[in-house]
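Structure record follows, encoded as structure tokens.
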Amino acid sequence: MALSPTVAAVELAAFAASIFRAVGMADADARHVAHVLVWSNLRGNDGHGVQRIPRYMELVDEGTLNPRPTMTQRLETAAAVLIDADRAPGPLSMTFAADEAVRKAGEAGIGLALVRRTTHTAAIGFYTRRVAEAGMAAIAATASILNMPYHGARVPSVSTSPLSMAVPGGGRAPIVLDMATSVVSLGRLAQLRRTGKNLMPGWALDAAGNETTDAAKAELPLPLGGPKGAGLALMAECMASILTGNPILAPALTEGGEAALHRQNSFIIAIDIARFGDIATFRDSVGRLVDVLKSLPRQMGFDEILMPGERGDRIAAARAHDGIPIPPATWTELSRVADRFHLAMPATL
């Protein structure tokens, strides 16, 4: 088996930014999109990392992703904004939305930013963590194209709509829940496909709608918890797409064609904790809760009880020191993109 090249985070981010500049992004935008993708790689969430770059190039080529968007606010109220992203890269539109939600929460106690007409948002936990680092609580979700069967269906009918919640930590990093509404995320599924590993039973269906454990044949991840994951995906479409006047699922299911092309909508909510009590007391209470949970008697086979985001924090610390491993298949795909733009691949460790 081929060894995975290992690249320092700063080198990988510079390489990714050079690609995004090559397709027309402004320098600051290119560096930010690269930063968000490499942030995912650092945390071990490789399915939302630089593995996505070849797909981003396809979206640019087909006119779906706009490298030079003009994002506009279509509506603003005392506690909410509606942003038209103009097909912006998701890391740009969602970072803007997170900051707008924080601004609104600072004014009204709670802030809602709705985002319509964006593209792949990358790891949604990046944005809720950004809000938590500003001392606020956050909730976010994304609605996207048909890529998961609704519970009981055997064809793509809803999205794997990611959901994230975050709060400031008590003497630690923020607690960040970041999850897909599927058993396994599409990014993770693609990663397993590249590495040739098998899936667990109940994770995915093949193209014919039959359950499979063969990653090479897996096409559709199944909803997490059956009707629970499917219901969350349905509600994400209602709250992020239909609410913003840009429905995705129903047109794709009934019309097909362009209606089924890549589209995303999102929302993020920020809650100003200080409006409802002392922020220091809140942090202390979160810290106490974490300490109590981590000290509970453990089940057989568990060496430790981990909080949401804790494993990612540890992987990030290790990869910041040792570098980020890139699967050989991903390295080959990135090499093709680099060749297209006459760019050098990043130096390996």
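The values are calculated or read from the model by the stated rules, or taken from the named source; none is laboratory data. Just so it is clear, the model here is predicted, and its values are computed rather than measured. Positions of Cβ are backbone-derived with ideal geometry, glycine not excepted, and every protein chain shown enters the neighbour counts. Heavy atoms of the whole protein, side chains included, go into the accessibility calculation; ligands, DNA and RNA do not. Shrake-Rupley method; radii C 1.70, N 1.55, O 1.52, S 1.80 Å.
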For a quick check of your reading: which helices (runs of 4 or more DSSP H) sit entirely within the range 10-126 and have at least 2 residues that are in contact with a Gly (Cβ under 9 Å, 6 or more places away or on another chain) and under 30 Å from residue 278 (Cβ atoms)?
90-108
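Every residue, every condition in (1) surrounded by fewer than 23 Cβ atoms within 10 Å (Cβ to Cβ); (2) among the small types (Gly, Ala, Ser); (3) under 16 Å from residue 119 (Cβ atoms), yes or no:
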site: 14; (1), (2), (3): yes, yes, no
site: 17; (1), (2), (3): yes, yes, no
site: 39; (1), (2), (3): yes, no, no
site: 43; (1), (2), (3): no, no, no
In the range 75-91, residues that are in contact (Cβ under 8 Å) with a residue 40 or more places away in the chain and open to solvent by 20 Å² or more (accessible area, probe 1.4 Å) total 1
Across the range 249-267, which residue is nearest to residue 169 (Cα to Cα) among those that are assigned to a helix (DSSP H, G or I) and open to solvent by 80 Å² or more (accessible area, probe 1.4 Å)?
253
Which one of the conditions (1) within 19 Å of the chain's Cα centre (by Cα); (2) open to solvent by less than 50 Å² (accessible area, probe 1.4 Å) does residue 235 fail to meet, given that it meets all the rest?
(2)
Report, by residue number, each residue of the range 268-302 that is open to solvent by less than 20 Å² (accessible area, probe 1.4 Å) and closer than 28 Å to residue 92 by Cβ.
268, 270, 273
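Would you mind finding the one in 300, 235, 239 that is of a type in the set (A, V, I, L, M), in contact with a Phe, Trp or Tyr (Cβ under 8 Å, 6 or more places away or on another chain) and over 26 Å from residue 51 (Cβ atoms)?
Details: 300 fails: in contact with a Phe, Trp or Tyr (Cβ under 8 Å, 6 or more places away or on another chain); 235 fails: in contact with a Phe, Trp or Tyr (Cβ under 8 Å, 6 or more places away or on another chain).
After applying the criteria, what remains is 239.
Which one is surrounded by the fewest Cβ atoms within 10 Å (Cβ to Cβ), of the residues in the range 136-148 that are within 18 Å of residue 97 (Cβ to Cβ) and out of contact with any Phe, Trp or Tyr (no Cβ under 7 Å at 6 or more places or on another chain)? Reasoning before the result, please.
So the first thing to find is which residues in the range 136-148 are within 18 Å of residue 97 (Cβ to Cβ), and the list is 136-144.
Then keep just the ones that are out of contact with any Phe, Trp or Tyr (no Cβ under 7 Å at 6 or more places or on another chain); that gives 136-139, 142-144.
Numbers: 136: 27, 137: 22, 138: 30, 139: 18, 142: 28, 143: 30, 144: 29.
If we take residues in the range 136-148 being within 18 Å of residue 97 (Cβ to Cβ) and out of contact with any Phe, Trp or Tyr (no Cβ under 7 Å at 6 or more places or on another chain), then 139 is surrounded by the fewest Cβ atoms within 10 Å (Cβ to Cβ).
When you scan the range 311-339, how many residues do you find that are assigned to a helix (DSSP H, G or I) and either in contact with a Lys or Arg (Cβ under 6 Å, 6 or more places away or on another chain) or touching a residue at least 12 places away in the same chain (Cβ under 8 Å) (or both)?
Residues flagged as assigned to a helix (DSSP H, G or I) and either in contact with a Lys or Arg (Cβ under 6 Å, 6 or more places away or on another chain) or touching a residue at least 12 places away in the same chain (Cβ under 8 Å) (or both) within the range 311-339 amount to 17.
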Within the range 174-199, can you find the residues that are more than 13 Å from the chain's Cα centre (by Cα), surrounded by fewer than 19 Cβ atoms within 10 Å (Cβ to Cβ) and at pLDDT 85 or above?
198
Answer yes if at least one residue in the range 61-70 is under 27 Å from residue 260 (Cα atoms), surrounded by fewer than 22 Cβ atoms within 10 Å (Cβ to Cβ) and of a type in the set (Lys, Arg), and no otherwise.
yes
